[in-house]
């Protein structure tokens, strides 16, 4: 296997920064590729076998570069570069991101519609359009003034970073992150199906979306941070299996005993297999704790680090072992909910067609999630989140009715909500209650109408092509 190696001594990050600083503020795309990108690839230790220039990866799809860690495997990174323009180079830092968002140059690089059939990173990571042998896990848009990293997990495409200005501080961080992408295996997408209003079936939806993914062959971990332990009991597992894993792992992290910490964490995870009515099987992994211990985390203020910082460090130990991690927490605004909000890559916002849950979901979408993204960005986290997967209609009656549809539309208009709404609507079928009593995911009954809806939802959001940049 050919892997990315440390940069050769002749090309240091300082030389890359110095080269960038010498580029004129107006610079053609071809020259940017021939001068700057070539040296950047040299810094990453790539050889010519690992770089494909303007490859055709699907009908009408031609990125500027595909980058391989191992040329016998699919690429790691797709890159789209654009020319440098003086008008963008001269924009103030305060207005830079907004200017980029409105710039045809940036939109074209990303693949947002600015002209007929323009393609960019969103299309180059499209699981439905790209030949699997050419489908990368990451994407980069770059023009010498802006850059943004993107990530693909199955069909879902999300940003890894906000739009960043290229400068002497951000460029070395980009180089480091690109090297990491080339060298490290992809890590789990951390997701929450959550609303700050209770009673919207967040736990039921979490169990069954996770189960659909597991049945599709994905490695899935559930983490129960709700003191009620509904997620744990919902799949028939023990809340006291590893009641104090949080503190035991934290103690080892403080001692820098990473292998010991990971061993404790791995042994704290329960695994349960489920059979489906059509003769298949899947298994779910669970990390849980007791009601008393989780309440103690909420009440304990003696740890030097905040609970969400510790939790993120815990996740870092096991991210590479899974494809998806789903976190369930109480709708209360407590430390455990902060763990969820401050570590999730994506959030899906369920509401039960009620005015209160809809308003809570819209507030999360329009205020809380953008605030969290800004906080993470200001905390100097190079990769940020969470990214909003949209409003999910949950616990719907078979027929919603014109009156309720209009009331929902009125609230959405009044709140000036412009975000995504998930097309699949989850109907409140009785089979879900039967599954609850039997402590199984409802998708164990494959012929159930609600099972078909959960499969449709999982394909729409995760397995089929989908993207969000909100």
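Throughout, read-outs are computed from the coordinates displayed, never taken from laboratory work. It should be emphasised that the depicted structure is a prediction, and the values quoted were computed from it without experimental measurement. Every residue, glycine as well, gets a Cβ built from its backbone with ideal geometry; the counts of neighbours run over all protein chains shown.
Multiply the residue gap between residue 305 and residue 129 by 0.36 nm, knock off their C-alpha separation, and tell me the result in nm, one decimal place.
Extra length from residue 305 to residue 129 when fully extended: 58.9 nm.
Please compute the contact order of the chain in relative form: average sequence separation of alpha-carbon pairs under 8 Å and at least six residues apart, divided by the residue count, as a percent.
About 15 percent, as a whole number.
To check you understand DSSP bridge types, tell me what percent of the beta bridges within region 13-183 (both residues inside) are antiparallel, rounded to 5.
Roughly 80 percent of the DSSP beta bridges within region 13-183 come out antiparallel.
Run through the DSSP bridge list for the chain and note the antiparallel percent, rounded to the nearest 5.
In the chain, approximately 45 percent of DSSP beta bridges are antiparallel ones.
Tell me whether region 189-467 comes out rounded, prolate or oblate; compute the Cα gyration tensor, take square roots of the eigenvalues as a ≥ b ≥ c, and use a/c under 1.5 as the rounded threshold.
oblate
For region 189-467, what does the relative contact order come out to in percent, with C-alpha contacts under 8 Å and a separation of six or more?
The value is 26 percent.
Taking R0 as 25 Å, what's the FRET efficiency between residue 424 and residue 359 from their Cβ-Cβ distance, rounded to 0.05?
0.70
Given R₀ = 35 Å, what would the calculated FRET efficiency be for residue 396 paired with residue 259, taking r from the Cβ atoms and rounding to 0.05?
After rounding, the FRET efficiency stands at 0.15.
Given R₀ = 35 Å, what would the calculated FRET efficiency be for residue 54 paired with residue 169, taking r from the Cβ atoms and rounding to 0.05?
0.65
Any chance you could check the Cα centroid distance between region 407-468 and region 105-154 for me, in angstrom?
That distance is 28 Å.
In whole Å, how far is the Cα centre of region 6-64 from that of region 356-372?
The two parts, judged by their Cα centres, are 40 Å apart.
Specify which labelled value, from (1) 66, 58, 45; (2) 55, 52, 49; (3) 61, 49, 48, agrees with Cα extents along the principal axes in Å derived from the coordinates of the model shown.
(1)
Residue separation times 0.36 nm, minus the C-alpha to C-alpha distance between residue 102 and residue 267: what's the value?
Full extension from residue 102 to residue 267 adds 54.5 nm.
Roughly how many whole Å is it from the C-alpha centroid of region 206-260 to that of region 266-330?
2
Starting from the 7 Å offset along Cα-to-Cβ, what nm value, one decimal, do you get for the label separation of residue 320 and residue 439?
In this crude spin-label approximation the distance works out to 3.5 nm.
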